[in-house]
Structure formats: C-alpha cells, structure tokens
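*Asks:* Below: one structure in structure tokens.
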Amino acid sequence: QAEDGIRDHCVTGVQTCALPILEARAAYDVQALQLAQARAAVAARKVLLANALRDVRNAETEIRQLVGDSQLVNSDQIELLTTELPMEVIEPLDLSQTVEVALANRPEIRQAMNKLKAAAVKNDVSRNEMLPDLSLLFGTYVKGLQGDSAIGQAWQQQFINSTPGYSAGLQYEFPWRNRAAISRNRQNRLEYVRYQSELEQVTIDVIADNQKKHRSLTSAIETLRSARMALEAARMELSQIQARWEAFPLIEGDWYEGQTQSLLLDQLLSAQQKVTDHEREVTNAEVEMKRAQIELKRAMGTVLDYYQVDSDTVWMDGMPQLEYNANGTPLKTGPEVLPQDDATAPLHEIK
C-alpha cells in the first residue's frame, strides 16, 4: 500500500520516482548498495539541475548585456522566456537554391557590385576624356546702347533699331599626348580590376560559407533524428523493464531464467540513466539544429526577413537614424524571397 501511494504521487513518463519506492521496499527486497546507488543518482541529477539553472541565468544575463536596454540591466528577477519553441525537423533548401538566395541577399555582394559599377562608370568617363572632341556651335546676339545709364532705352533699342546677329561653326579638339587623361584612365582601369577581383573573392567566400552552413544543418538534422530514435528505443526498454520489475512475482519463469528482483532493479536504474542520457542528447541535438538553421539563414542573408524585421530611417535633431521594428513572429519555412533590385544583378550582366 505504501508503494502504491508513492507511485500515485510520482510523475509518469521517463523520470519515475524510483527512489521513494526503493526506500519503501528497503526492508523487503532492496539491497543497501542498490539504495545507495539510487540516492547517488538522484543527488547527481540534482547537481545537473542546479548547473542547468546557473547556465540559464548566465544566458539571460548575456542577453541583457547584448540588448543593452536600461530597463533590463538591473532586472535579474525578471525571467526571460522564449517565444519560439524548437521546431520540427524541416529539410533545408537545395544547396544550389541556398547559394542563389545568398548571392541575392548578402550585403557584401551588393556592396562589391556597387563598387564595381561605380568603377565601370569612372572608367568610361576617363576613356572618353582621351578621345578627340568635335563640337557643333551655334550663337546669336542683339545689341542696344544708350549713354547716361539709360538702361531701359538700351533694352528697348536692341529690339527696334538693331539687327540680331547669328553665328555657326565646328570646333575640333585633338589631345596631343594627353598624359593626364591617359594616367587617369589607367588608374581607373586598375581600380576596376581590383574591384572585380574583390567581387570574385567575396562571391567565393559567400558560396563556401553557405556550403559549410548547409552541410552543418543537414548533419544536425540527421543527428536529431538518430537521437530521437535512440530515445524512443530507450523509453520502450525502460517501460518493459519497469513493468517486469513491478510484476516480478507474477511472471512465471523468471526464477528459472536466473532473474531476480535485485538484478531487475539494477537493470531498471541503468535504463533510467540511459533514458536521461538520451534525453540530454536530444536536447543538445535540437539546440544544435536550431543554431545551424540560424547560421544558415545568416549565411543566406535572410535572418531579418525570417523574423519580419523592418527598417526605417527617422530624423532626430537633424541627424538620420535607422530604426528596426519586429513583430517577433518568425515566418513559416518556405521559399526564400529574392530581392528585385539592380544591386543583385548576376555577375555575367556586368561588362
């Protein structure tokens, strides 16, 4: 009856209240060594729980430090809760699509392309300065003169008693040894080549970064799946061993097979520890998968779009400031949006 009462107060699931049951059965079939092992296991789990609580508090402090909000600096009693739960396993985009989205969204690519386009314009201007100049000129004039500062009569005279004059002609200029223009053009061409090399290097770095992040996410997903399968198998094993241990006197053949309650108790404690270890592995795998997902979106340049963060320029004291507004709700996983602007033109369109 005492054992049944204790079991009624236990939490159902993986972590069962084995220690109170063992203490209640200490005078019957539980050895002192087994009871000591169970108490040591419970004490070790309490230590792990205390360490986990410490890590959570330290993480909250780091978040307050990164945010830099004065209202959160001295608010250690306020608990920070996550609004986004660990998501289910969702396959990422194909590697080719990931690279395409990254080339269209990464700010490094846009900046390098803008520099290259500006260098191309400067190169065209300096090249035109080296060419001959042929100009077609037209001119016309009228005149009206009056003495004694008679400005009004002079203005009227130019349209009455004066005949307008006209002129037309061609002007041709040919630069002779134009060393200054040649030097500027050479400098602009070298600058264009340098920016082109920078764009190629940035593109290579972005592609390599997305390839590594994509592989990390794929590996994290496979690790999480394996960890969940192992946890499910460990839970089934624990359920069977616990049912066998609780109904040991009713199972015929256990004594003939060499099974004893002490041996089943050792198996039960070992199965509980195995389930705890697998739960920890699943939790770590979920964290790694979420971190890998965020890292991939950061490599693709879509983190702000995923969390629906909008930017707006406001003026304060005559100075522009950039403000970010977010509703805090992430978008559902789906095709990434490609920005439609000239800064993300494909590389082959830059000549």
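Throughout, read-outs are computed from the coordinates displayed, never taken from laboratory work. Since the model is a prediction, treat every value here as computed from it, not as a measurement. Virtual Cβ from ideal backbone geometry, glycine too; neighbours counted across all protein chains shown.
*Asks:* Rank by packing, highest mean first: peptides 233-242, 45-54, with packing defined as the count of other Cβ atoms within 10 Å averaged across residues.
*Replies:* Highest mean packing first, the order is 233-242, 45-54.
*Asks:* While we're looking at this one, here's another question. Using r as the Cβ-Cβ distance of residue 173 and residue 194, and R0 as 22 Å, what FRET efficiency do you calculate, to the nearest 0.05?
*Replies:* Result of the calculation: an efficiency of 0.10.
*Asks:* So, one more: Answer rounded, prolate or oblate for the range 111-225, using the Cα gyration tensor with square roots of eigenvalues a ≥ b ≥ c: rounded when a/c is under 1.5, else prolate when a/b is larger than b/c, else oblate.
*Replies:* Note, shape of the range 111-225 comes out prolate.
*Asks:* Greater than 31 Å separation of Cα atoms is the criterion. Which listed pairs, 46/297; 46/290; 46/213, meet it?
*Replies:* 46/297; 46/213
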